[in-house]
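Report on the structure given below.
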């Protein structure tokens, strides 16, 4: 069935909205398959220009609701990324065959679009993704195969299966179900690491009001809330994890009196404190966003400086030009990016670490695991956002990173959400928004690689390219001898 232009004007927004509401904070994950199925029907038999229009419209109704959190960060950035990435889906739709081979290529197109959107431009905006929407769904476990792009591809496959089923095209249904069954089998046999020890940890969430920014918040008050909450830690524990940005100093932390206060906390708890710090160097025009492990003896056991920065939040691309247009929305200084592997010493072994925004980027997790990470940490700060879109999608990303790496994941946020997550993505415990609370538990240190951490995104990229080639080969072979739609 080929949809008319008038019908497409109704179905495209519906498809985009279904995909948007499949992901956190709404989390109705089955809707993604229906949305992709409608997208497939919208593209069937359409010329390139019409495919571009329809897929772009789907993207608009998907991405603008799913990335609405950016309104708080940068209104121009929110509008630009929404239009640009929606058009990206239009472009990959143009590259599909319109008839025979389309259903082979559509999942591949979603993979290519995701790979671009997660990394470009300015490091990408890898939120509101098909993978994030499946973090609590059965398909999430396939992330340990070839990473989160595996989930993206399989959501595409599931969508075209539903589309074929609506046409009673049993051949296409059988092929798609076979792909899903094969992926499930790979999940069962894929390595996921093994435990080598158990430790006791504590995650401190200081609480406080949501929807606040650094310029209208007392940094000292945030720090004191975490000092107070740390008194609720019930020892003994092996280390204490504090969130991102809860310690602010001018110049190096170790030269400040605040450092001595953190040492005092570590001494009282007889455990290292892994603290999220911001060191400002205003004279030099930059600041550092890092996590530092401080021992009860006052030693710095480890440090990791955030490498992937939030565009327009922690750095401003083309600052001299952008400042002329929207100076009120911009940070005054840029964060200086780190350069090392994504690891930090915890006092009981090497931990992989992704600071806040970095948890949306799987490469930081892969870096941590390849450099000896035995557990995954995500100190973060979502206190500036008045909705829970970022916070819930970040929890979902931590779940995916746990599955991909075969590690326990610990997320710490000053006002929520903080969480303890098992290697299979199960959330053991999670805080609420704005509450002061300590999460404690016994977790495993684990070693070994998964296929995702070993091969990263390359297998899915090559599978996507092979799918495109296959789709166009099928299309060309049947141009003069039409066969049922595949």
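Can you find even one residue in region 436-445 that is in contact (Cβ under 8 Å) with a residue 60 or more places away in the chain and outside any strand (DSSP E or B)? Checked region 436-445: at least one residue is in contact (Cβ under 8 Å) with a residue 60 or more places away in the chain and outside any strand (DSSP E or B). Among the residues making up region 359-393, those that are modelled with pLDDT of 95 or more, outside any helix (DSSP H, G or I) and within 17 Å of the chain's Cα centre (by Cα) are 361, 376, 377, 378, 379, 380.
With region 238-324 as the region, which strands (runs of 3 or more DSSP E) entirely inside it contain at least 2 residues that are farther than 22 Å from residue 354 by Cβ?
Values: elements: 239-241, 247-250, 273-281, 286-294, 300-305.
Qualifying strands (runs of 3 or more DSSP E): 247-250, 273-281.
Screening region 15-37 for residues that are in a helix (DSSP H, G or I) and without any contact (Cβ under 8 Å) to a residue 40 or more places away in the chain and picking the one that is surrounded by the fewest Cβ atoms within 10 Å (Cβ to Cβ) gives 31. Between 204, 240, the distinction of being farther than 24 Å from residue 70 by Cα, under 26 Å from the mean Cα position of the chain (by Cα) and without any contact (Cβ under 8 Å) to a residue 40 or more places away in the chain belongs to 240 only. Out of 288, 301, 321, report the one residue that is more than 20 Å from residue 225 (Cβ to Cβ) and at pLDDT below 95. Result: 321 is the single residue among 288, 301, 321 that is more than 20 Å from residue 225 (Cβ to Cβ) and at pLDDT below 95.
Just checking, does region 218-226 include any residue being modelled with pLDDT of 95 or more, in contact with a helix residue (DSSP H, G or I) (Cβ under 8 Å, 6 or more places away or on another chain) and closer than 21 Å to residue 416 by Cβ? Yes, region 218-226 has at least one match.
Consider residue 45 carefully, then state whether it is surrounded by fewer than 18 Cβ atoms within 10 Å (Cβ to Cβ), outside the structural domain of residue 433 (by TED's automatic domain parsing) and on the phi > 0 side of the Ramachandran plot. Steps first, answer last, please.
Numbers: surrounded by fewer than 18 Cβ atoms within 10 Å (Cβ to Cβ): yes; outside the structural domain of residue 433 (by TED's automatic domain parsing): yes; on the phi > 0 side of the Ramachandran plot: yes.
Judged against the criteria, residue 45 is a match.
In region 112-127, the residue that is nearest to the chain's Cα centre (by Cα) out of those that are modelled with pLDDT under 95 and surrounded by 24 or more Cβ atoms within 10 Å (Cβ to Cβ) is 127. Test of understanding: among 221, 229, which residue is part of a helix (DSSP H, G or I), buried (at least 18 other Cβ atoms within 10 Å of the Cβ) and not assigned by TED's automatic domain parsing to the domain that holds residue 11? That would be 229, the only listed residue that is part of a helix (DSSP H, G or I), buried (at least 18 other Cβ atoms within 10 Å of the Cβ) and not assigned by TED's automatic domain parsing to the domain that holds residue 11.
The values are calculated or read from the model by the stated rules, or taken from the named source; none is laboratory data. Since this is a predicted model, take the numbers as computed values, not measurements. So basically every Cβ, Gly included, is an ideal-geometry build from the backbone, and we count neighbours across all protein chains shown.
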